[in-house]
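Peer 1: Pasting a structure here, questions to come.
The numbers here are math on the coordinates, done by the rules we state, and not lab data. On a predicted model such as this, the values are computed, not experimentally measured, just so you know. Glycine also receives a Cβ, built like all others from the backbone with ideal geometry; neighbour counts cover every protein chain displayed.
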Protein chains: 2
Amino acid sequence: MDELEGHLKKFQKEMSAGTVSLVLLGVLARADEPMYGYLIAKRLGEAGEGVLAGKQSALYPVLRNLCAAGLLDSEIEPSVAGPPRRYYRITATGRTVLGQWTGAWTATRDFVDGVLDGRITQGASA
Amino acid sequence: MDELEGHLKKFQKEMSAGTVSLVLLGVLARADEPMYGYLIAKRLGEAGEGVLAGKQSALYPVLRNLCAAGLLDSEIEPSVAGPPRRYYRITATGRTVLGQWTGAWTATRDFVDGVLDGRITQGASA
């Protein structure tokens, strides 16, 4: 891997640290019924591969952390074919946290976009 | 600090890990001349306080890391009043990296926004 690619990988990894949790809460808040990991990954689709750096397996530790923090609940259910599956649903606390995080995300997003397109720093001169 | 506040702080910290570097490259790419840390913080203004979690001092280690990675150059210059100041400017490599990171930022941003407003997962049903 060349050096520039290393910088990019590190940057993407740092950005995904916060956003994957936000995205998982967002998907489960809109789900009509509990979802299992593979189904969540499928719903996120190709667009999600970049954010997850192509690794669907990266979802599982994040789902476990969100459960441990009380933002998700999970339940194991037998499947018609194959091994039993763990289904996840968002908790009431998870919905509250999603609201707060969405606010923080929006503020960060607008700030970063503002800096990148020059709106935020152009007005202020030294 | 209550538990919800703890979740929010952790989320904001995770998001700032990647975005502070991006924002610093963005500011210095648009600067007409080298800038010192306090001036950068002032330009980012109040909007930046949320992203930096209110800590201007958080900029300095990130500036040092960007220098060590060759994305910024720095130079110490005497100031008219007070101690000498370290001035930062973006390098050619830094501009290349800024272009790549801006692309990665845009993809992540559009993905997260798409999930939060239901565009990405609503079409796909189980």
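Peer 1: Using a/c under 1.5 as the rounded threshold, could you call the range A:3-117 rounded, prolate or oblate? The axes a ≥ b ≥ c are square roots of the C-alpha gyration tensor eigenvalues, and prolate needs a/b larger than b/c, oblate otherwise.
Peer 2: The shape class here is oblate.
Peer 1: Summing Lys, Arg as +1 and Asp, Glu as -1, what charge do residues with Cβ under 12 Å from the Cβ of B:Leu28 carry, B:Leu28 excluded?
Peer 2: Value of the local net charge: +1.
Peer 1: Given Cβ point charges of +1 (Lys, Arg) and -1 (Asp, Glu) and nothing else, what value in debye, to the nearest 20, does the dipole of the protein assembly as shown about its Cα centre take?
Peer 2: It comes to approximately 240 debye.
Peer 1: Please list log₁₀ I(q)/I(0) at q = 0.13, 0.14 Å⁻¹ for the protein assembly as shown, using the Debye equation with identical point scatterers on the alpha-carbon positions.
Peer 2: Debye intensities relative to I(0), on a log10 scale: -0.84, -0.94.
Peer 1: Got a sec? Charge dipole of the protein assembly as shown, +1 on Cβ for Lys and Arg, -1 for Asp and Glu; which of A:Gly99, B:Gly114, A:Pro61 is way out at the positive end?
Peer 2: Positive-end residue among those listed: A:Pro61.
Peer 1: Can you tell me how much longer the chain between B:Asp117 and B:Glu3 gets when fully stretched, taken as 0.36 nm per residue apart minus their C-alpha distance, in nm with one decimal?
Peer 2: 38.4 nm
Peer 1: What does the charge count near A:Tyr38 come to, summing +1 for each Lys or Arg and -1 for each Asp or Glu among other residues with Cβ under 11 Å from its Cβ?
Peer 2: Within the 11 Å Cβ shell, the charges total +4.
Peer 1: Taking 25 Å as R0, compute the FRET efficiency from the Cβ-Cβ separation of B:Lys10 and A:Arg64 and round it to 0.05.
Peer 2: Efficiency, rounded to the nearest 0.05: 0.95.
Peer 1: Ok, one more. So what is the 222 nm mean residue ellipticity for chain B from helices alone, if each DSSP H run of at least 4 adds -39500 (n - 2.57) and you divide by all residues, rounding to the nearest 500 deg cm²/dmol?
Peer 2: Here the helix-only value at 222 nm equals -21500 deg cm²/dmol.
Peer 1: If you line up the long axis of helix A:37-51 against the longest principal axis of chain A, both from Cα atoms, how many degrees apart are they, to the nearest 10?
Peer 2: The angle comes out at about 20 degrees.
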